[in-house]
Every structure is written in structure tokens, then in C-alpha cells.
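The values are calculated or read from the model by the stated rules, or taken from the named source; none is laboratory data. Since the model is a prediction, treat every value here as computed from it, not as a measurement. Glycine also receives a Cβ, built like all others from the backbone with ideal geometry; neighbour counts cover every protein chain displayed.
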Amino acid sequence: MARRTALFLLPLALAACAPQPRTGAETVLLVPGGRIVGAWAELPEGAFPLPGPPLFADRAGGRLYLAYPYGLEVYQDGTLAASYPLPGVPTFLHARPGVVVGTTEGVFVPDRNLPPYPARDARWREALWWTDGPAHRDDQTLDPGPFRRVVADRKRVAFLGREAYFPGGARFPLPPFRDAELWGSLYLLTDEEVVRYAVSGAVLDRRRGRYLDLAVDATGVWLLDPQGRPVHLDPDLREAP
């Protein structure tokens, strides 16, 4: 009976892993340089199928990171390069400046054995910077908050809520926002515009418009327009060539 059950379940498992056909109602996820449409990646290196629609996606250094329930997959040039088991269902994924995945059972960083920090958001940069309301660096609480996002580049980390808090640096108020990234400057996505801040808090640039998502890396600023199409801008929020 156990053998017959296993034989019955095998086609279902294989079907779940097979690339799924594209439909008009697929979720679109923005990544630097392109997008994920359902179970299909559209990137500078080409378009290729995925085993299924990921919950979260990000891209860094030409590598595509995809978070699925209980698994992280890494693609290079359209080919699966690595995979990692996750301790739970993903709640967030960031690939820059280091790879970190939040799950229902704690934070996962490849090749690190971390305690099950209950992070609402986190970044990995030589340590785990995370928030569950207060701001933390590993086991140390830095500020009572409350915060809901963490952003980081190779030099700085900031915790974001009703204000931006750069540990050891500036603090300044923020408007309500939907998404944010730090890459030299702080980029904030609101319901009406994208705002670029200096790390001192000065507003450097604004771009009016309603966008669905934001990603920033060395190639510039990437936005997802209401039709699910990527928009590429330079760091000053001007149309990129």
C-alpha cells in the first residue's frame, strides 16, 4: 500500500516542479535588470522557465535568488547553480549586500547558523541587522523603534519607520512609504512618487508617478509600472539610456 501511495504521489510532485504555462493573471516580481512573471524569468541574460512561481525574488551579481516554501534556489545564466533548504515559509528575501531570507521559523543566511530571530525585515552585512519593531544588530538592541524595514549597501545600514535611523549617523523623519532601498542614497517609494534622500536626510530628487515596486543596485534604479513593466532610471531618477 505504501508503495502504491508513493507511485501515486510521484506524478503530482513532478508536476509541481515542472515549468507552469503563463497566464494573464500571473504575479509580477521586480528584480534589478528585469522581472519574474509567474514561473518565467525575463532578465538581461535571457528569458527562461522556473520550476514554479516564487514567493520572493531578488538579483545580485548576475545571480537570481528565488524563495519558495522551504527552499531557496539560485540561478546563474539561466541554470540552477545552488539550492538551500529553508526552515519555513519565506516572508522576505534580500540579495544585497548579502543574501538573507526571512521565514516563519527564523532568518536564514547561507552557510550561517543563526538563532531563530523573529525578524520582520533584515539585511546581512558582516552581521545580521534586523527588526521586529526595535532595531537589532545580532543580539544587540540598538534602538527601541518602532521600525518595519531595514535597508543596506556596502557602507551603511538604516532602519526605517516613521523616521530613518542610521546607526552611528543621522536620523530624519519619513513620509508613509511602500518600499525602500539604500545604494549610496536612500530611495523611498510612496503611493505618489519616488524620493531620493541623502544619508543626511536632505531630499535630492523626486520622481512623480505611481509605481508598484522598487529595486536599486549598481545598474541604477528599477521601478515596476502599473502594467507590470520594468522602468530603468539612473541614480538621479532620470530615464536611463
> Considering the range 122-135 alone, what residues qualify as being under 21 Å from GLY88 (Cβ atoms) and surrounded by 22 or more Cβ atoms within 10 Å (Cβ to Cβ)?
Replying inline: ALA122, ARG123, TRP124, LEU128, TRP129, TRP130, THR131
> Is it the case that some residue within the range 12-31 is in a loop (DSSP other than H, G, I, E, B), closer than 24 Å to ARG149 by Cβ and at pLDDT below 95?
Replying inline: yes
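Residue by residue, here is whether (1) among the basic types (Lys, Arg); (2) touching a residue at least 60 places away in the same chain (Cβ under 8 Å); (3) over 21 Å from ALA41 (Cβ atoms) holds:
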{"residue": "ASP179", "(1), (2), (3)": "no, no, no"}
{"residue": "LEU182", "(1), (2), (3)": "no, no, yes"}
{"residue": "TYR187", "(1), (2), (3)": "no, no, yes"}
{"residue": "TYR197", "(1), (2), (3)": "no, no, yes"}
{"residue": "LEU212", "(1), (2), (3)": "no, yes, no"}
{"residue": "THR219", "(1), (2), (3)": "no, yes, no"}
{"residue": "ASP225", "(1), (2), (3)": "no, no, no"}
> Taking the range 136-172 only, how many residues are on the phi > 0 side of the Ramachandran plot, surrounded by fewer than 14 Cβ atoms within 10 Å (Cβ to Cβ) and more than 21 Å from the chain's Cα centre (by Cα)?
Replying inline: 1
>> Out of the strands (runs of 3 or more DSSP E) lying entirely within the range 42-82, which hold 3 or more residues that are crowded, with 20+ Cβ neighbours inside 10 Å?
In response: 56-60, 63-68
>> So GLY133 passes all but one of these: (1) more than 17 Å from LEU64 (Cα to Cα); (2) at pLDDT 95 or above; (3) within 18 Å of the chain's Cα centre (by Cα). Which condition number does it fail?
In response: (3)
>> Among the residues that make up the range 203-223, is at least one of them out of contact with any strand residue (DSSP E or B) (no Cβ under 9 Å at 6 or more places or on another chain) and at pLDDT 95 or above?
In response: no
>> With the structure loaded, tell me whether PRO167 is within 20 Å of PRO32 (Cβ to Cβ), outside the structural domain of VAL107 (by TED's automatic domain parsing) and in a loop (DSSP other than H, G, I, E, B) or whether it fails that test.
In response: no
>> Yes or no: the range 52-59 includes at least one residue that is at pLDDT 90 or above and over 26 Å from ARG123 (Cβ atoms).
In response: yes
